[in-house]
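J.: There's a structure below that I have some questions on.
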Amino acid sequence: MSTARSHWSTRFAFILAAVGSAVGLGNLWKFPYMAGANGGGAFVLIYLLCIAAVGVPIFIAELYIGQKGQKNAVASFEATHEKNTPWRCIGFMGLASAFIILSFYSVVGGWILDFSFKSIFNQFAGKSDEEDKGFLGALFESPWTQVGWHFVFMTGTVGIVLGGVRNGIEKWNKILMPTLFALLGVLFIYSFTLSGFSQSISFLFSPDTSKLTAAGVLEAVGHSFFTLSLGMGAIITYGSYLKKKEGLAKIAITVAFLDTLVALIAGVVIFSVVFTHGMEPGGGPTLLFQTLPVLFSKMTGGYILAVAFFLLVAFAAFSSSVSLLEVAVAYWVETKKKDRVRTTLLIGIVIFGIGVLSALSTNVLSDVKIFKFTFFDLFDKLTSSIFLPLGGVLISLFYGWVLGPKAIEESLSLGKKPSLMKIGLLWTTRVLAPVAVMIVLVKGVMDF
Ligand code: TRP
């Protein structure tokens, strides 16, 4: 995208870009460990409900605002409503979220790069389970290695956004996203042979509500926003590169479906390993990094699979991180008329700087706590559990009440005749989604 207003080449390319944004570390790294830490099935159930009842409608709303406004995440609110509308503050909060999320996302992206590197040099093979589980801990203790990989990841993200989302990401997405799906399929089939497979299925799919806390519910709601890239204008920005009217509901459902599928398959694979090897399901953020090396070191063809897998996860992370960076770049280039190259570099440097705080949270700064959280946890919690749900509620209200029935008709391209879908979408975005998310949000913030 050399100028801010070029467009995706085809509708398919757009869907891939949106799937690329949605499918990322949220699915492969975050979802499994959050489900594990919150007791499994009940968390998964709430998460699925949120994707369907809140995520899809808000996805449609963001797509519509972007496509209709044809502007960045701040200016699209003005373009669809009126100049200087207070609703554009949603866009400003989105910009803040983009900086904060990308800053810690890039640190985790760095862990993935480190593991890709380790897998290329065959370091997982021939080790005991304990040794394989120890790699992330060792990385955590080394400030320089972590900051270094974080730098590499940020440089990659900046490079892709500079090179143009359309010529870079769009082309790579076409090859790598389907490959990631295929590879996950292979791991999924392999997981059938593990003795922990059936326990994994029952852990993830038989809800035991007694294990769920209010904080867990908020995490599930927040994660449904995070995983679909909602609540901060990423989908508004991507939607603004979408040309004519398209059936937005179909796009939203397709993206949500694929995103959920990836998360669930990743969960089944990871918990099959967990239960086969007697690991702890509530292992937290280290879960992916402790289970998969153990799995790969034992599989035939494990070397190739490990290399392919970690590189593809890295790619999935890049196709998400560019969507975060693009939100900020699009705003400064378009609204503030800044030079695209300089803006991208400058924002990249600032985000790298903020991210250093997260990279040091597991070592030098591990004792620095703000509201009892390290920087890393604080940035994650603040955005996933507060900014994104709040942004989502406001976007929903803007779409349902301010833009109203006409926008809904256009989004669904069903014409004027009344239909159940129209009424459903109208009242979901006007009342159901905002009220449900607000209740959870208030409860969650009180527990903060
Ligand atoms: N959805 C991505 C993931 O699951 C992360 C992401 C990309 C994101 N863009 C976003 C999260 C915008 C919140 C908002 O890994």
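Computed from the coordinates by the stated procedures, all read-outs in this text should not be read as laboratory data. This one's a predicted model, so the numbers in the text were calculated from it and none came from an experiment. Don't worry about glycine lacking a Cβ; one is built from the backbone with ideal geometry, like all the others, and counts go over all protein chains shown.
J.: Sorted by mean Cβ packing within 10 Å, highest first, what order do the peptides 87-99, 158-170, 124-136 take? Don't jump to the answer; show the numbers that get you there.
T.: Values: 87-99: 21.0, 158-170: 19.5, 124-136: 15.7.
Descending packing order for the listed peptides: 87-99, 158-170, 124-136.
J.: R0 = 60 Å: FRET efficiency of Lys298 with Trp401, Cβ-based, nearest 0.05? Before the final figure, lay out each step's value.
T.: Values: r = 55 Å, r/R0 = 0.92.
With R0 = 60 Å, the Cβ-Cβ based efficiency is 0.60.
J.: Amide H to amide H, which residues 5 or more places from Val74 or on other chains are under 5 Å from it, using H placed in the peptide plane?
T.: For Val74, whose amide H was placed from the backbone, there are no distant partners under 5 Å.
J.: Segment 2-447: Rg/Rh from Cα coordinates, Kirkwood Rh? Walk me through the numbers before you get to the answer.
T.: On the way: Rg = 20.9 Å, Rh = 21.9 Å.
Over the Cα atoms of segment 2-447, Rg/Rh equals 0.95.
J.: Here's a follow-up. Roughly how big is the chain's charge dipole about its Cα centre, with Cβ charges of +1 (Lys, Arg) and -1 (Asp, Glu), in debye to the nearest 20?
T.: The dipole magnitude comes to about 1700 debye.
J.: So which of Lys68/Lys171; Lys30/Lys298; Lys127/Lys298 end up more than 20 Å apart, counting from Cα to Cα? Kindly include the intermediate steps, with their values, before the conclusion.
T.: Values: Lys68/Lys171 25 Å; Lys30/Lys298 24 Å; Lys127/Lys298 10 Å.
Listed pairs above 20 Å: Lys68/Lys171; Lys30/Lys298.
J.: Based on the alpha carbon coordinates of segment 339-401, what radius of gyration and maximum Cα-Cα distance (Dmax) apply, in Å?
T.: Looking at segment 339-401, its Cα Rg and Dmax stand at 16.0, 48 Å.
J.: How many angstrom separate the Cα center of segment 177-228 from the Cα center of segment 349-371?
T.: 29 Å
J.: If you add up the charges near Met421, with Lys and Arg at +1 and Asp and Glu at -1, over every other residue whose beta carbon is less than 14 angstrom from its beta carbon, what do you get? Spell out each step's value before the answer.
T.: Details: positive: Lys250, Lys416, Lys417, Lys422; negative: Glu409, Glu410.
Every neighbour counted, the sum reads +2.
J.: Ok, one more. Measuring from label point to label point, each 7 Å out along Cα→Cβ, what is the Leu414 to Val364 span in nm?
T.: Distance between label points: 5.6 nm.
J.: Also, quick follow-up: With a/c under 1.5 counting as rounded, go ahead and sort segment 42-153 into rounded, prolate or oblate using the C-alpha gyration tensor (a ≥ b ≥ c being the square roots of the eigenvalues; past the cut-off, prolate if a/b is larger than b/c, else oblate).
T.: Prolate, because a/c is 1.5 or more and a/b exceeds b/c.
J.: May I ask you to evaluate 6.51 cos²θ - 1.76 cosθ + 1.60, the Karplus curve with θ = phi - 60°, for each residue of segment 417-424 and list the ³J(HN,Hα) values in order in whole Hz, giving x for glycine and proline?
T.: 3J(HN,Hα) across segment 417-424, in whole Hz: 5, x, 8, 4, 5, 5, 4, x.
J.: Given an 8 Å cut-off on Cα distances and at least 6 residues of separation, report the relative contact order of the chain as a percent. Numbers along the way, then the final one.
T.: Values: 736 pairs, mean separation 153.5, N = 448.
That works out to 34 percent.
J.: Could you tell me how far the Cα centroid of segment 105-137 sits from the Cα centroid of segment 6-66, in Å?
T.: 27 Å
J.: Under a plain spin-label model, where a point goes 7 Å from the Cα along Cα-to-Cβ, how far apart in nm are Ser202 and Ser9?
T.: The modelled label-to-label distance comes out at 5.0 nm.
J.: Give me the distance in nm between label points sitting 7 Å out from Cα along the Cα-to-Cβ direction at Ser195 and Phe92, one decimal.
T.: The two pseudo-label positions are separated by 6.0 nm.
J.: Same structure, new question: So how much slack lies between Glu141 and Leu345, counting 0.36 nm per residue of separation and subtracting their Cα-Cα distance, in nm?
T.: Values: separation 204, 0.36 × 204 = 73.44 nm, distance 2.90 nm.
Length gained between Glu141 and Leu345: 70.5 nm.
J.: Under Stokes-Einstein, with the Kirkwood radius over Cα pairs standing in for Rh, what whole-number D in µm²/s applies to segment 53-110 at 20 °C and 1.002 mPa s?
T.: Values: Rh = 12.6 Å.
Stokes-Einstein gives a translational diffusion coefficient of 171 µm²/s.
J.: Report the extension gain between Asn84 and Trp427 in nm, rounded to one decimal, defined as 0.36 nm multiplied by the number of residues separating them, less their alpha carbon distance. Spell out each step's value before the answer.
T.: On the way: separation 343, 0.36 × 343 = 123.48 nm, distance 2.67 nm.
Separation in residues times 0.36 nm, less the Cα-Cα distance, equals 120.8 nm.
J.: Could you tell me how many degrees, from 0 to 90 and to the nearest 10, lie between the Cα long axis of helix 89-120 and the main elongation axis, the longest principal axis, of the Cα atoms of the chain?
T.: On a 0 to 90 degree scale, this one is about 30.
J.: Using θ = phi - 60° and the Karplus curve 6.51 cos²θ - 1.76 cosθ + 1.60, what whole-Hz ³J(HN,Hα) does each residue of segment 236-242 get, with Gly and Pro shown as x?
T.: Once rounded to whole Hz, the list reads 4, 4, 5, x, 6, 8, 9.
J.: Tell me, what ³J(HN,Hα) does each residue in segment 302-315 have, in order and in whole Hz, if you take phi through Karplus 6.51 cos²θ - 1.76 cosθ + 1.60 with θ = phi - 60° and put x for Gly and Pro?
T.: x, 4, 4, 4, 5, 4, 4, 5, 5, 5, 5, 4, 4, 5
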